[in-house]
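*Asks:* Structure in C-alpha cells, see below.
The values are calculated or read from the model by the stated rules, or taken from the named source; none is laboratory data. If you're wondering where the values come from, they're calculated on a predicted model, not measured in any experiment. Every residue, glycine among them, receives a Cβ derived from its backbone with ideal geometry; neighbour counts consider all protein chains shown. The protein model used for the area step is the full one, side chains on, heavy atoms only, and it has no ligands, DNA or RNA in it. Shrake-Rupley method; radii C 1.70, N 1.55, O 1.52, S 1.80 Å.
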Amino acid sequence: MATSSPDSSKPVFRFAPSPNGQLHLGHALSALTNERMAERFGGSLLLRIEDIDLTRCRPEFEQAIHDDLTWLGIRLDGAVRRQSEHFDDYRAVLGRLQAKGLIYPCFCSRQKVKQAVAAKEAESGQPWPRDPDGSPVYPGTCRSLSRQEAEARIAAGEAHVLRLAMDRALAMIGSDVWYRLFDESGTETVIKARPTRWGDVVLARKDVPTSYHLSVVIDDAIQRVSHVVRGRDLEAATDIHAVLQRLLGLPAPRYHFHRLLIDETGQKLAKSRLSESLADLRARGVTAAEVRAQLGFT
Ligand code: GLU
C-alpha cells in the first residue's frame with residue numbers, strides 16, 4: 001500500500017469531506033479544528049475526497065471544496081486522495097474478509113428490511129432495536145441463504161450489498177474492542193466500543209465495492225493517519241471502525257470528536273437541509289477572518 005506521509009513518526013491528520021454538496025460552517029469548524037490540532041501536535045494535514053457515492057458526488061462540488069479551503073486559508077500537506085480512484089484497494093480487502101467467511105451478500109432493499117422489522121415487531125410486540133443512527137438493525141434475513149442460492153442470485157444479476165457478519169467478526173477478534181480518544185492537551189482516554197448495537201453493517205454498497213465504513217478505515221491506514229478529528233455525529237460509527245481495524249490488522253488512529261453546529265431550528269447543519277454554504281457566506285461579503293473568529297479560531 002502506498003503512503004503519502006514520508007515521515008511516519010510525525011502525527012498525520014486529515015480532513016475528509018464528501019463532494020455531494022456545498023460545504024457549510026460545520027465543515028469549516030472541522031477543517032479548522034484539524035488545522036489547529038495538527039499545528040499543536042506538530043503534524044501534517046491531508047485532504048481526502050470521500051466520493052464513493054457516484055450518483056451524488058460531482059466534480060463541481062469537489063472544486064468548491066478546494067475553493068473553500070483556499071479561502072479559509074487552510075494549509076494542506078501531501079497528495080489529495082480521491083476514494084473513487086481506489087476501488088481496487090477496497091475490492092482487495094473485501095476479498096480478504098470474504099476468504100475469512102466474514103461477509104455475506106444481502107439482497108434486501110431498504111423497503112424489505114422495513115417490512116421484515118415490522119413483521120418482527122408485530123410478532124413480538126416489542127420495538128426492534130435501532131442502531132445509533134436510528135435505522136433498524138438488520139434483522140438477518142439473508143444470513144441464512146445457502147451459498148448456492150446466493151451465488152445463483154448474484155449470477156442472475158440481482159442487486160445486492162455485502163454485509164459484515166458482526167458476530168463472526170467479534171468471535172474472531174474477541175468482544176473486547178476499544179479505541180483511543182485524545183483531546184487538545186494530548187490526554188488520551190480508552191473507550192470501549194459497542195459494535196453489536198450496529199449489527200451486520202454494509203461494507204459494500206450495491207453499486208460500488210465499498211462503503212463509508214470500509215473505505216474510511218482502509219484510507220486512514222494507507223494515508224498513515226494517526227489522529228482523526230471529526231464531528232460527534234461520527235462518534236458511534238467508530239465502534240465499527242475499531243472492529244475493522246482489528247480484523248484487518250490495521251494501525252488504529254486516535255480519535256477526537258468535535259462539537260456540531262446547530263441552526264436556529266435546533267438541528268445540526270447539513271448539506272441535505274441546504275444549510276447556508278461557505279460559498280454563500282463568501283458571496284454576501286463575509287470574510288474568512290470573520291468565519292474563523294465566529295467559530296472561535298483567532
Ligand atoms: N466524509 C465524511 C463527511 O463528509 C467524513 C468522514 C470522516 O471524517 O470520517 O461527513
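*Asks:* State, to one decimal in nm, how far the label point of Arg82 lies from the label point of Gln267, with both points 7 Å from Cα in the Cβ direction.
*Replies:* It works out to 3.1 nm between the two label points.
*Asks:* With all protein chains present and a 1.4 Å probe, how do Trp71, Trp178 order by accessible area, largest first?
*Replies:* Trp178, Trp71
*Asks:* Over the C-alpha atoms of the chain, what are the Rg and the largest Cα-to-Cα span, Dmax, in Å?
*Replies:* Both quantities, over Cα of the chain: 20.2, 62 Å.
*Asks:* Given only helices, namely DSSP H runs of n ≥ 4 each adding -39500 (n - 2.57), what is the per-residue ellipticity at 222 nm of the chain, to the nearest 500 deg cm²/dmol?
*Replies:* Working: 10 runs with 110 residues, N = 298.
My calculation for the chain gives -11000 deg cm²/dmol from helical runs alone.
*Asks:* Go ahead and collect, in residue order, the members of the stretch 70-89 whose backbone nitrogen is under 15 Å from a label point 7 Å along the Cα-Cβ direction of Ala289.
*Replies:* What the label zone holds, given the 15 Å backbone N cut-off, is 72-73.
*Asks:* Treating cross-link reach as a plain straight distance, find the aspartates and glutamates whose alpha-carbon is under 14 Å from the alpha-carbon of Lys192, omitting any fewer than eight places away in the same chain.
*Replies:* Asp176, Glu235, Asp239
*Asks:* Counting only heavy atoms of the protein chains, get the accessible area per residue of the stretch 16-76 (1.4 Å probe) and round it to a whole Å² value.
*Replies:* Values: 2310 Å² over 61 residues.
Per-residue accessible area for the stretch 16-76 comes out at 38 Å².
*Asks:* How would Trp198, Trp128 line up by accessible area, probe 1.4 Å, largest first?
*Replies:* The ordering from most to least exposed comes out as Trp128, Trp198.
*Asks:* Now, a different point. Setting aside same-chain residues fewer than 8 positions from Lys112, which lysines have a Cα under 22 Å from its Cα?
*Replies:* Lys120, Lys206
*Asks:* Shifting gears a bit: Tell me, what % of the accessible area of the stretch 229-298 is carbon and sulfur with a 1.4 angstrom probe? Don't skip to the end; give the middle numbers.
*Replies:* Details: 1810 of 3520 Å².
Accessible surface attributable to carbon and sulfur in the stretch 229-298 totals 51 percent.
*Asks:* Let me ask another. Tell me, what is the 1.4 Å probe accessible area of Glu290, in Å² to the nearest 10?
*Replies:* 100 Å²
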